[in-house]
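Engineer: Below is one structure. I have some questions about it.
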Amino acid sequence: MQKLDITKLKEDIVFGDILRGFELKFHSTWGLFSPREIDAGSKLLIDYMEIKDSDICLDLGCGYGAIGLCMAKIANQGKVYMVDKDYVAVEYAKKNADINKLNNCEIFLSNAFSNISEEIKFDVIASNLPANVGKEMLSIILIDAKKYLKENGKLYVVTISGLREFIKRNFKEIFGNYDKIKQGREHAVYLAVKES
């Protein structure tokens, strides 16, 4: 059996990607979601979310920052909040914001909306919803998302296709509307709008 080089394994994983026409560089580490490349679900969400240059945005469950940093590039006159419940993810998202010279980001630890001030209202909230957090946590996220959105604010989520019915039912129940924006091979992007 080949001996593992633990020192090498502990080094940052470094890769680049082009998202919405922006060249971005990422540092990641083992233990974070999709550490070697941007996952297909996040890429699908990034490609289909609509953001204006002055929007106030939230990347919920930011990981090392792929969605949020792309939002920050698009909303270059706005502000992007990025939160995750994993402190390692938050550290890497901060590092990646610095590496990509993005100063319009605020990145901090929060279990969904738990540490986000109720004063802040968002134009766009985006999340690559993990399938394994349980329906209770997903319900908390969706109900809180509506509370934190401005009128006509948009919630974009990407999930595995197996959550399709759950998302459809809950978006209709909570927001009164539901739109499937794009179906990928294993993921789909959904949109709900806070009408009032």
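Engineer: Report, ordered by the first and then the second residue, all pairs with beta carbons closer than 7 Å, sequence separation of six or more or different chains, a first member in region 172-196 that is free of Cβ contacts under 8 Å to residues at least 40 places away in the same chain and surrounded by fewer than 17 Cβ atoms within 10 Å (Cβ to Cβ), and a second member that is not in a helix (DSSP H, G or I) and not hydrophobic (A, V, I, L, M, F, W, C).
Structural biologist: Cβ pairs passing all conditions: K172/Y178; G176/E195; N177/E195; D179/Y190; K180/Y190.
Engineer: Would you check if K135 is more than 24 Å from N76 (Cβ to Cβ), of a type in the set (K, R) and in contact (Cβ under 8 Å) with a residue 24 or more places away in the chain?
Structural biologist: On the way: more than 24 Å from N76 (Cβ to Cβ): yes; of a type in the set (K, R): yes; in contact (Cβ under 8 Å) with a residue 24 or more places away in the chain: yes.
The answer is yes for K135.
Engineer: Same structure, new question: Identify the single condition in (1) surrounded by 15 or more Cβ atoms within 10 Å (Cβ to Cβ); (2) over 25 Å from Q183 (Cα atoms) that K43 does not satisfy, given that it satisfies every other one.
Structural biologist: (2)
Engineer: Any residue at all in region 123-133 that's farther than 18 Å from S34 by Cβ, more than 16 Å from the chain's Cα centre (by Cα) and either of a type outside the set (F, W, Y) or crowded, with 17+ Cβ neighbours inside 10 Å (or both)? Break it down into steps so the answer makes sense when it comes.
Structural biologist: So in region 123-133, the residues farther than 18 Å from S34 by Cβ come out as 123-125.
Filter again for more than 16 Å from the chain's Cα centre (by Cα), leaving none.
Among the residues of region 123-133, not one is farther than 18 Å from S34 by Cβ, more than 16 Å from the chain's Cα centre (by Cα) and either of a type outside the set (F, W, Y) or crowded, with 17+ Cβ neighbours inside 10 Å (or both), which makes the answer no.
Engineer: Let me ask another. Out of D47, D55, D12, I need the residue that is touching a strand residue (DSSP E or B) at 6+ places or on another chain (Cβ under 6 Å), over 15 Å from A75 (Cβ atoms) and of a type in the set (D, E). Which one? Outline the logic, then answer.
Structural biologist: Working: D47 fails: touching a strand residue (DSSP E or B) at 6+ places or on another chain (Cβ under 6 Å); D55 fails: over 15 Å from A75 (Cβ atoms).
Selected residue: D12, the only one of D47, D55, D12 that is touching a strand residue (DSSP E or B) at 6+ places or on another chain (Cβ under 6 Å), over 15 Å from A75 (Cβ atoms) and of a type in the set (D, E).
Engineer: Right, something else. Grab the helices (runs of 4 or more DSSP H) fully contained in region 27-146, keeping just those with 1 or more residues being of a type in the set (F, W, Y).
Structural biologist: Working: elements: 40-48, 66-74, 87-99.
Qualifying helices (runs of 4 or more DSSP H): 40-48, 87-99.
Readers should treat all values here as calculations from the given coordinates under stated rules, not as data from a laboratory. Keep in mind the model is a prediction, meaning the values are calculated, not measured. Backbone-built Cβ (ideal geometry, glycine too); neighbour counts: all protein chains shown.
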